[in-house]
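The values are calculated or read from the model by the stated rules, or taken from the named source; none is laboratory data. In this text the structure is predicted, and so the values were computed from the model without any measurement. Cβ sites come from the backbone with ideal geometry, for glycine too, and all protein chains shown count toward neighbours. These area figures cover heavy atoms from the full protein model, side chains too; ligands, DNA and RNA do not enter into them. Shrake-Rupley method; radii C 1.70, N 1.55, O 1.52, S 1.80 Å.
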There are 2 protein chains.
Amino acid sequence: MTTVAVVGSGAVGCYYGALLARAGVDVRFLMRRDLEAVRNNGLRVESPLGGFHVERVDAVADPTELGHPDWVICSLKSTALEHARELLAPAVGPNTRIVALMNGLGVEERIAAWFGRERVFGAMAFVCINRGEPGLVHHLDYGRVSIGHLLDDPGENARLAELLRLGDIEVVVAPNLRYARWEKLCWNVPFNGLSVAAGGVGTKLIMEDAALRSTAERAMREVVAIGNADLAAIGSAAHLDEAAVVESMFRLTGTMGDYRTSMAIDYVLGRELEVEAILGETSRHAARHHVPAPTVDALYALVRVADLRRRGLVPLIEDSGV
Amino acid sequence: MTTVAVVGSGAVGCYYGALLARAGVDVRFLMRRDLEAVRNNGLRVESPLGGFHVERVDAVADPTELGHPDWVICSLKSTALEHARELLAPAVGPNTRIVALMNGLGVEERIAAWFGRERVFGAMAFVCINRGEPGLVHHLDYGRVSIGHLLDDPGENARLAELLRLGDIEVVVAPNLRYARWEKLCWNVPFNGLSVAAGGVGTKLIMEDAALRSTAERAMREVVAIGNADLAAIGSAAHLDEAAVVESMFRLTGTMGDYRTSMAIDYVLGRELEVEAILGETSRHAARHHVPAPTVDALYALVRVADLRRRGLVPLIEDSGV
């Protein structure tokens, strides 16, 4: 029987892990905040598309208890990547494959440097999801996962697709991993970025305020251009179709209601923002490939300052009196 | 003897009015917040360059008490422009000239529509100044005023220059009024805009954070391009020298310490922001003249949302619970 360990049990890890567990896959979760609640009451997923409850969930607090599963799904926040190695290492046996179900460019390469390239995959979830109380995940919409093996091995991709489809998860094998990463950034840069830069707002305002929406669209077009320059540089046959990306991303976002991006929620809760993995990497790739990206750069500057504010590193006028 | 009325007694109006009053010009101030304090204790200016105290100040609460002076200095916030007519009208006699010492493009045209074009001037203060307690102005640095008659009449400009020089104010007669307006916007758009978009910060952070500084510089270069397109459209012989503007504005801003822009102070105090006069007009002129201005447009979108937040018109995630 296939065994899976989920390392990083936030909304995304819990949701996809629960889908697999519901289907009978042997899933073990590494948990912190939700450990007791999940041990006692299992995992619940609430969803307008139909919720479910996994009553008996195998959850551990220490990575040495993960064993050596067939698959490790690493769904840590990208800001925790520096701690990923120590969390993953105990679970990575000789035949363990690792799926980086995380935001940001370059995470697979970091993981590959520790554990070897052949076993590493990236996965990009296009899903609207938030955490509720411990043991509860609010699934709001969507759920498709794009996957790509780090070496773009078709056999390996088929293997991961097969696993995820066990959980009734919609899977798309990307033309290549890098393409899938850029496709995800096309949404994350404008919508995560603006949701924070505008002060902690949902997608509805960005979609309905003409100036914000046009800023989002400009940022998205810049990401397409940066991504295509990057894909061309690695010799990718696939490239992003600007018109199609913009049309589909805005159409899908229009159906999300007032979705709260993960970065906006982190911002409101004073948590670390995934600013480097999403905005910093994109801005740096623009510079590297000499692609003009003024909107992306401005969003990076402003969201980075928002993150510095969280850490008290920005001298705010309000803190010193007017 | 020359008579002056100051309508709009914020930091700028009080400062320049006090300089004229100190020199013996007959200045009458229309005041609200500071009225009692100024009647009792006069106006004090504190400044590292040398403060002073005008002990007896002529201050009134009602515009009908302003008489018909030779000059009306209108130093209202641009957001109060819709109320300017009723405040100015009682003071505008047959020979009264009006100086719009305000931010924003197009304010002179609005005033001219009410009172005629021949009598209207614009004045742009390049000054670091904040209000203190009632009756007190903190002058921090600079003070030069660029002036321009609405019809660019040299004799009229000389007349206004003569008045201001009575108060020992450094005066520059701009090549034309429109040029002076754009020159001021070259500073106001990036520094007022970013000081709010970054969450209410002073100029020091914008100067020292590489990403913010580069965003400020890009915005400034965009304003130069928009301004030059606009100046070309009106047949102006003068145009902005991009390199010289950027060099001098950044050099001067570097000497300001951690200056708090008027817009950042308004933001922190929850007051109405001069977003349309400074950012909106600039963004709209970019569109009109087909000048790409992604940084200016993004700042406009974000500062406009900041102003909407002030009025409770933005559904914030933090207000509805996470």
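Once fully extended, how much extra length lies between B:R284 and B:D319, figured as 0.36 nm per residue of separation less the alpha-carbon to alpha-carbon distance?
Values: separation 35, 0.36 × 35 = 12.60 nm, distance 3.20 nm.
In short, 9.4 nm is gained.
Per-residue ellipticity at 222 nm for chain B, helices alone: DSSP H runs ≥ 4 residues times -39500 (n - 2.57), over residue total, nearest 500 deg cm²/dmol?
Estimated from H runs of four or more residues: -13000 deg cm²/dmol.
Name the GluC sites (Glu not before Pro) in the stretch A:147-193 that are in a loop by DSSP and that have at most 14 other C-beta atoms within 10 Å, would you?
A:E170
Quick one: what are the phi-derived ³J(HN,Hα) couplings along the stretch A:227-237, Karplus 6.51/-1.76/1.60 with θ = phi - 60°, whole Hz, x for glycine and proline?
Listing the rounded values in order: x, 5, 5, 5, 5, 4, 5, 8, x, 5, 6 Hz.
Assuming R0 = 22 Å, can you tell me the calculated FRET efficiency for the pair B:E118 and B:V173, based on Cβ-Cβ distance, to the nearest 0.05?
After rounding, the FRET efficiency stands at 0.80.
Can you tell me the dipole magnitude for the stretch B:179-310 around its Cα centre, using point charges on the Cβ only (Lys, Arg +1; Asp, Glu -1), in Debye to the nearest 20?
On the way: 14 positive and 17 negative charges, 43 e Å.
Around 200 debye, computed over the stretch B:179-310.
Based on the Cβ-Cβ distance of B:D141 and A:E208, what FRET efficiency does E = 1/(1 + (r/R0)^6) give at R0 = 45 Å, to the nearest 0.05? Walk me through the intermediate numbers first.
Numbers: r = 42 Å, r/R0 = 0.93.
The value I calculate is 0.60.
Can you give me the angle between helix A:242-254 and the longest principal axis of chain A, using Cα atoms only, in degrees from 0 to 90, rounded to the nearest 10?
70
Exactly which GluC sites (Glu not before Pro) in the stretch B:243-322 are in a DSSP loop and have at most 16 other Cβ atoms within 10 Å?
Answer in residue order: B:E272.
Using a 7 Å offset from Cα along the direction of the beta-carbon, what are the separations from A:G50 to the same position in each other copy, nm, ascending?
8.4
Are there any residues in the stretch B:296-315 with a reduction of at least 20 Å² in accessible surface when going from the isolated chain to the assembly of protein chains? Probe 1.4 Å, please list them by number.
For the stretch B:296-315, once contacts with the other chains are taken into account, B:D297, B:A298, B:A301, B:L302, B:R304, B:V305, B:R309, B:V314, B:P315 lose 20 Å² or more.
Using a 1.4 angstrom probe, figure out how much accessible area the stretch B:179-310 has per residue, in square angstrom, rounded to the nearest whole.
Value returned for the stretch B:179-310: 33 Å² of accessible area per residue.
Which loop-located trypsin sites (Lys or Arg not before Pro) does the stretch B:41-114 contain, where loop means any DSSP state but H, G, I, E or B and the Cβ has at most 16 other Cβ atoms within 10 Å? If you can, show how the numbers build up before the last one.
On the way: sites: B:R44, B:R56, B:K77, B:R85, B:R97, B:R110; in loops: B:R56, B:K77.
Qualifying residues, ordered by number: B:R56.
Output the residues of the stretch A:182-203 meeting this criterion: accessible area (heavy atoms, 1.4 Å probe) in the chain alone minus accessible area with all protein chains in place is 20 Å² or greater.
A:A197, A:A198, A:G199, A:G200, A:V201
Could you work out the Rg to Rh ratio of chain A, with Rh taken as the Kirkwood radius (inverse of the mean 1/r over all Cα pairs)?
Result for chain A is an Rg/Rh of 0.96.
Gap in Å between the Cα centre of the stretch B:145-206 and the Cα centre of the stretch A:21-54?
Cα centroid to Cα centroid, the span is 63 Å.
In nanometres, what is the gap between the two model label sites at A:N40 and B:L252, each 7 Å from Cα along Cα-to-Cβ?
Once both label points are built, they end up 6.5 nm from each other.
Stretched out fully, how many nm does the piece from A:A61 to A:R32 gain, at 0.36 nm a residue minus the Cα gap?
Computed gain between A:A61 and A:R32 is 9.8 nm.
If DNA, RNA and ligands are ignored and the probe is 1.4 Å, what is the ranking of B:R181, A:R39 by accessible area, most exposed first?
Reading off the accessible areas and sorting them downward yields A:R39, B:R181.
Ignoring ligands, DNA and RNA, what percent of the accessible area of the protein assembly as shown is carbon or sulfur (1.4 Å)? Don't skip to the answer; put the middle values down first.
On the way: 12270 of 25410 Å².
Exposed carbon and sulfur together represent 48 percent of the surface.
Indicate the gyration tensor shape class of the stretch A:133-173 (rounded, prolate or oblate), computed on the Cα atoms with a ≥ b ≥ c the square roots of the eigenvalues: a/c under 1.5 is rounded; otherwise a/b larger than b/c is prolate and the rest oblate.
prolate
Out of A:G167, A:V245, A:P69, whose Cα points farthest toward the positive end of the dipole of chain A (charges: +1 Lys, Arg; -1 Asp, Glu; placed on Cβ)?
A:P69
To the nearest 20 debye, what is the magnitude of the charge dipole of chain B about its Cα centre, counting +1 on the Cβ of each Lys and Arg and -1 on the Cβ of each Asp and Glu?
About 180 debye.
Set Lys and Arg Cβ to +1 and Asp and Glu Cβ to -1, take the dipole of the stretch B:179-310 about its Cα centre, and tell me which of B:A225, B:V305, B:T215 lies farthest positive.
Among B:A225, B:V305, B:T215, the one farthest towards the positive end of the dipole of the stretch B:179-310 is B:V305.
With the Cα gyration tensor of the stretch A:68-156 giving a ≥ b ≥ c as the square roots of its eigenvalues, does the rule (a/c under 1.5 for rounded; else a/b larger than b/c for prolate; else oblate) give rounded, prolate or oblate?
It comes out prolate by the Cα gyration axes.
From the phi of every residue in the stretch B:39-54, what ³J(HN,Hα) in whole Hz does the Karplus formula 6.51 cos²θ - 1.76 cosθ + 1.60 yield, where θ is phi - 60° and glycine or proline is x?
4, 7, 10, x, 10, 10, 10, 9, 7, x, 8, x, x, 7, 9, 9
Dipole magnitude of the protein assembly as shown about its Cα centre, charges +1 at Lys/Arg Cβ and -1 at Asp/Glu Cβ only, in debye to the nearest 20? All intermediate terms of the calculation are to be shown ahead of the outcome.
Numbers: 66 positive and 82 negative charges, 48 e Å.
Dipole magnitude for the protein assembly as shown comes out near 240 debye.
List, shortest first and in nm to one decimal, how far the label point of B:A158 (7 Å from Cα along Cα→Cβ) is from its counterparts in the other copies.
9.1
Could you tell me which of rounded, prolate or oblate describes the stretch B:189-322, using a ≥ b ≥ c as the square roots of the eigenvalues of the alpha-carbon gyration tensor, with rounded for a/c under 1.5 and, failing that, prolate when a/b is larger than b/c and oblate otherwise?
It is oblate, given that a/c is not under 1.5 and a/b is not larger than b/c.
Hey, can you find the accessible area per residue of the stretch A:1-117 for me, probe 1.4 Å, expressed in square angstrom?
I get 43 Å² per residue for this part.
Enter the buried accessible area of the A/B pair, total of both sides, probe 1.4 Å, in Å² rounded to the nearest 100.
So the total buried area for this chain pair works out to about 3000 Å².
Longer than 24 Å from Cα to Cα, which of A:K77/B:K204; B:K77/B:K184; A:K184/A:K204 are they? Say none if no pair is.
Cα-Cα > 24 Å for A:K77/B:K204; rest within.
Simple spin-label model, 7 Å along Cα-to-Cβ: B:E109 to B:A238 in nm?
With each label point 7 Å from Cα toward Cβ, the separation is 1.9 nm.
So which residue, out of A:A21, A:A80, A:A216, gets the largest mean-square fluctuation from a GNM of chain A using Cα contacts under 10 Å as springs?
Fluctuation is largest for A:A80.
How far apart, in nm, are the 7 Å Cα→Cβ label points at A:A80 and B:A23?
Reported label-point gap for A:A80 and B:A23 is 6.6 nm.
Any idea what angle helix B:154-166 forms with the longest principal axis of chain B, computed on alpha-carbon atoms, 0 to 90 degrees, nearest 10?
80
Can you list the distances in nanometres, one decimal and ascending, from the B:N95 label point to the identical position in each other copy, with the point 7 Å along Cα to Cβ?
Label-point separations across copies, in nm and ascending: 10.3.
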